[in-house]
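The values are calculated or read from the model by the stated rules, or taken from the named source; none is laboratory data. What you are looking at is a predicted structure, and each value in this text was computed from that prediction instead of being measured. All Cβ positions, even for glycine, are placed from backbone atoms using ideal geometry, and neighbour counts span all protein chains on display. For the accessible areas, the whole protein counts, side chains as well, though only heavy atoms, and no ligand, DNA or RNA atoms are used. Shrake-Rupley method; radii C 1.70, N 1.55, O 1.52, S 1.80 Å.
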2 protein chains.
Amino acid sequence: MSLRSQGSKRRAAPESSAQTSPTFQQDGKVGMKEIAERAKVTKMTVSRALRTPDKVAPETLRRITAAMEEMGFVPNSLAGSLSARNSPIVPVIVPTMANSIFSDFIEEVSLTLDRAGFTPIFGCSNFDNEYEERLLIKYLGWQPSAIILTGASQTPRTRDFCQRSGLPVIQTWCLPEHPLGRVVGFSNYDMLYQITKALQGWGYRNIGFGFLNTPNNDRSRQRRLGWEVAVREGGDEPLHTRAQGGELSLEAGADILRGILGRHPDTKAIAFGSDVHAVGAVLECKRLGLRIPDDIAITGCGDMGLSSVVSPTLTTVRIPGRTIGRECATMVNLSVVGTYAGPSTVNVGFEIVRRESA
Amino acid sequence: MSLRSQGSKRRAAPESSAQTSPTFQQDGKVGMKEIAERAKVTKMTVSRALRTPDKVAPETLRRITAAMEEMGFVPNSLAGSLSARNSPIVPVIVPTMANSIFSDFIEEVSLTLDRAGFTPIFGCSNFDNEYEERLLIKYLGWQPSAIILTGASQTPRTRDFCQRSGLPVIQTWCLPEHPLGRVVGFSNYDMLYQITKALQGWGYRNIGFGFLNTPNNDRSRQRRLGWEVAVREGGDEPLHTRAQGGELSLEAGADILRGILGRHPDTKAIAFGSDVHAVGAVLECKRLGLRIPDDIAITGCGDMGLSSVVSPTLTTVRIPGRTIGRECATMVNLSVVGTYAGPSTVNVGFEIVRRESA
DNA sequence: CTGAAAGCGCTTACAG
DNA sequence: CTGAAAGCGCTTACAG
């Protein structure tokens with residue numbers, strides 16, 4: 001169970017230390033003890049200078065601050081957090097960091113949590129619930145202040161650990177039936193239900209659905225369900241569907257399009273569960289010589305950068321990633337302080353953006 | 001200097017603990033001491049079971065493992081790292097997480113470092129060197145194993161802290177003249193030099209340059225320099241330039257295009273320092289009724305997803321973000337173990353991708 | 001193969 | 001306003 005081969009951790013300083021400011025102590029670690037000695041106080045007072053400076057005499061504070069500056073002191077957060085039983089770490093687990101799907105969300109959580117004094121740790125589950133479980137347990141070891149998870153398809157073990165931790169847990173990018181704790185998200189069901197209804201309203205029939213079929217992905221399942229119900233309500237059978245397992249790429253979108261058209265040549269519109277697939281389908285239509293939206297209409301989900309760049313521009317559903325990020329961070333902050341008084345579920349909603357493709 | 005208002009950290013467990021597995025201990029923290037008691041050993045042996053299981057008697061190991069499983073034990077990494085003077089944390093500071101520019105890099109570093117047993121911490125400097133400094137110092141408090149930084153425009157104080165830390169420091173996305181430590185990157189100078197040369201080779205003259213002019217950004221500066229030299233070598237004066245301060249958006253790209261064409265209507269090509277700006281410019285050309293590449297040629301940098309989606313598709317320079325990420329992670333791993341024997345600078349290069357826009 | 005002692009660098013809770 | 005003592009939950013370095 002040893003994490004990795006341990007080697008000599010500290011390495012020799014780089015050859016040229018010519019640029020090192022001369023006031024810096026030249027060797028050895030500098031901790032509160034060293035600062036205390038230089039400032040002629042005990043480390044207790046140094047600690048106070050850092051956390052409650054108003055309880056330290058001005059002159060003493062000055063000496064301590066000077067000593068810290070001169071010696072390049074950085075307080076050891078490991079020791080601080082262990083001692084205070086309180087670490088600012090907040091793990092955020094997302095399915096992928098490579099796509100720009102979550103990138104606005106990620107940047108906003110990162111910035112907002114950082115400003116509030118927390119230290120976010122991002123982990124990438126690769127749409128794999130077991131991997132998510134492993135990451136969560138690893139992160140729990142850092143005694144975090146709260147936990148942010150994407151989606152609601154956690155393993156039972158993940159759920160157990162979350163609940164037993166007693167920490168504020170926030171699920172995001174979904175509206176789970178049985179939440180683990182608090183929620184900041186939107187209804188994936190409604191999203192596809194609404195866009196499918198919209199397509200029907202714009203006169204499209206035989207509406208297909210193309211999506212990413214990763215195992216136990218609640219968001220995909222919800223989206224599919226929304227599409228199905230809307231299609232049925234429109235008097236059709238939800239036949240024109242095609243999943244793609246795991247890959248979120250333009251090529252996968254093209255494959256899905258060909259798959260659906262191959263089995264159901266009468267398809268008049270395809271709602272995609274992701275902009276990435278939708279844009280891939282748009283490009284494939286151009287290669288196949290299909291006119292959009294006359295021969296076939298295409299819609300996406302996400303309103304990623306791609307959507308307004310592709311030609312014809314993509315009709316899609318905008319997910320307010322930045323808002324989700326900000327809300328999550330705020331919720332973490334208030335939950336930790338203990339003053340959170342808002343609802344346990346925040347629905348940020350979504351917005352249908354009609355462009356040229358449908 | 002207190003990081004944030006401290007409140008009650010532990011919160012009451014969620015109302016419904018119906019799903020909690022019954023074998024889990026119902027209250028109180030479970031540490032090595034608790035596991036030790038249950039397994040009838042001392043915590044020393046529990047510690048051994050975790051790190052050097054082969055030095056523990058099979059039957060003892062079984063009891064310990066069972067106890068850990070039953071009680072949902074998660075070792076406290078704060079204590080472990082403090083005690084071992086060795087934390088698996090590796091901060092990675094990037095200018096932005098919102099754009100997909102760095103997203104492949106980020107995901108790959110994340111995955112590779114995680115697999116090697118490290119815990120990457122991503123920070124977002126917003127193209128601000130002072131902010132980067134603040135982040136670095138904050139991260140240093142976690143006693144990291146190594147540091148990964150983007151670019152080479154660190155403040156003197158950042159450089160001091162890096163060097164004094166004695167840690168492996170990797171600069172990336174650049175090839176600095178005076179590196180802080182090791183480097184995994186490519187030449188930003190060459191990138192623009194080569195693409196400008198290529199444009200000349202394809203018959204374009206009066207080549208402009210559009211870029212993000214964030215203060216003290218070495219990568220922008222290098223790119224601009226490469227363009228300038230290539231233009232001069234082609235016998236022209238590098239006049240057709242226009243910077244944009246801070247914003248990496250399609251709109252900013254459109255602004256830059258209009259700015260250059262407004263002052264230099266004879267511009268025949270514009271090399272952009274970023275795909276985002278380039279794509280924005282392509283879209284603007286379409287709005288202005290300019291034909292690409294006949295009226296004006298456009299090139300980008302990065303080969304982001306957008307580039308192959310926009311029409312006409314973008315001629316650009318591919319930066320191997322995933323490779324950079326993997327190389328960085330490997331370098332960190334070997335440097336920490338102490339067996340890194342490769343060159344201190346790894347040049348991953350780049351590749352000109354010719355498409356329709358030039 | 002297992003354990004008792006000391007300590008990592010801080011903070012908490014108390015004295016003064 | 002400042003300090004001495006105890007302890008956070010582990011690991012190191014030694015004994016046995």
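Can you list the residues of region A:92-118 that have at least 40 square angstrom less accessible area with all protein chains present than in their chain by itself, probe 1.4 Å?
SASA drop of 40 Å² or more in region A:92-118: A:Met97, A:Ala98, A:Ser103, A:Glu107, A:Leu111, A:Asp114, A:Gly117.
To one decimal in nm, how far is A:Thr155 from the same spot in the other copies, if labels go 7 Å from Cα toward Cβ? Please give the shortest first.
Going from nearest to farthest copy, the values are 4.4 nm.
Counting each pair of different Cα atoms once, what's the Kirkwood radius of chain A in Å, rounded to one decimal?
Kirkwood hydrodynamic radius for chain A: 23.4 Å.
So what's the angle, to the nearest 10 degrees on a 0 to 90 scale, between helix B:58-71 and the longest Cα principal axis of chain B?
The helix B:58-71 is inclined about 70 degrees to chain B.
Taking only the alpha carbons of region A:188-318, what extent do you get along each of the three principal axes, in Å, biggest first?
So the extents along the principal axes, rounded to whole Å, are 32, 30, 28.
Taking a point 7 Å out from Cα toward Cβ as the label site, list the nm distances between A:Leu239 and the same residue in every other copy, smallest first.
6.7
Could I have the simple spin-label model distance between B:Thr42 and B:Arg318, label points 7 Å from Cα toward Cβ, reported in nm to one decimal?
Label at B:Thr42, label at B:Arg318, 6.0 nm between them.
Report, to the nearest whole %, how much of the accessible area of chain B belongs to carbon and sulfur atoms, 1.4 Å probe, protein only.
Accessible surface attributable to carbon and sulfur in chain B totals 50 percent.
In Å and whole numbers, how far do the C-alpha atoms of region B:136-197 stretch along each principal axis, longest first?
That gives 46, 20, 16 Å along the principal axes, largest extent first.
Roughly how many Å² is the accessible area per residue of region A:60-169, as a whole number, for a 1.4 Å probe?
Value returned for region A:60-169: 27 Å² of accessible area per residue.
For n ≥ 4 DSSP H runs only, could you compute -39500 (n - 2.57) per run for chain A, divide by its residues and tell me the 222 nm figure to the nearest 500?
Calculated mean residue ellipticity at 222 nm is -13000 deg cm²/dmol.
May I ask what percent, to the nearest 5, of DSSP beta bridges between residues of chain A are antiparallel?
10 percent
B:Arg263 to A:Ala243: FRET efficiency via 1/(1 + (r/R0)^6), r the Cβ-Cβ distance, R0 35 Å, to the nearest 0.05?
Rounded to the nearest 0.05, the efficiency is 0.10.
Taking every DSSP beta bridge that has both residues in the protein assembly as shown, what percent is antiparallel when rounded to the nearest 5?
Beta bridges within the protein assembly as shown, antiparallel portion: roughly 10 percent.
Relative to the other copies, what are the label-point distances for B:Gly338, with labels 7 Å from Cα along the C-beta vector, expressed in nm at one decimal and sorted shortest first?
Output for B:Gly338: 4.6 nm, nearest copy listed first.
Pick out which of B:Pro75, B:Pro88, B:Pro53 has the largest mean-square fluctuation in a Gaussian network model of chain B, springs linking Cα atoms closer than 10 Å.
Its mean-square fluctuation being the largest, the pick is B:Pro53.
What is the helix-to-structure angle for A:275-288, meaning the angle in degrees between its Cα long axis and the longest Cα principal axis of chain A, kept from 0 to 90 and rounded to the nearest 10?
40 degrees
May I ask for the Rg/Rh ratio of region A:54-171, computed from Cα atoms with Rh as the Kirkwood radius, given to two decimals?
A ratio of 1.11.
Short version: ³J(HN,Hα) in whole Hz for each residue of region B:256-264, in order, from phi by Karplus 6.51 cos²θ - 1.76 cosθ + 1.60 (θ = phi - 60°), x for Gly and Pro, what are they?
Rounded to whole hertz, the list is 4, 4, 4, x, 5, 5, x, 8, 9.
Got a sec to turn the phi values of region A:94-109 into Karplus ³J(HN,Hα) couplings, 6.51 cos²θ - 1.76 cosθ + 1.60 with θ = phi - 60°, whole Hz, x for Gly and Pro?
In residue order, the calculated couplings are 10, x, 8, 10, 6, 7, 7, 3, 9, 5, 5, 4, 4, 4, 5, 4 Hz.
Could you compute how much accessible area chains B and A hide from each other, both sides summed, with a 1.4 Å probe? Nearest 100 Å² is fine.
8500 Å²
Under the rule that an exposed site lies in a DSSP loop and has at most 11 other Cβ atoms within 10 Å, name the longest stretch of chain A with no GluC sites (Glu not before Pro) of that kind, not counting the sites themselves.
Longest run free of exposed loop sites: A:178-358.
Tell me the Kirkwood radius of the protein assembly as shown: reciprocal of the mean inverse pair distance over distinct alpha-carbon atoms, in Å.
Here the Kirkwood hydrodynamic radius works out to 27.6 Å.
Along Cα→Cβ, 7 Å out, is where each label goes; now give me the distance between the ones at A:Leu334 and B:Arg291 in nm to one decimal.
Here the modelled spin labels are 5.9 nm apart.
Using only alpha-carbon positions, what ratio does the radius of gyration of region A:32-75 give when scaled by 2.2 N^0.38 Å?
Taking the Cα Rg and dividing by 2.2 N^0.38 Å, one obtains 0.95.
Among B:Thr315, B:Leu111, B:Ser145, which residue has its Cα furthest toward the positive end of the charge dipole of chain B, with +1 on Lys/Arg Cβ and -1 on Asp/Glu Cβ?
B:Ser145
What FRET efficiency comes out for the pair A:Arg221/A:Arg157, r = Cβ-Cβ distance, R0 = 22 Å, nearest 0.05?
Plugging the Cβ-Cβ distance into 1/(1 + (r/R0)^6) gives 0.60.
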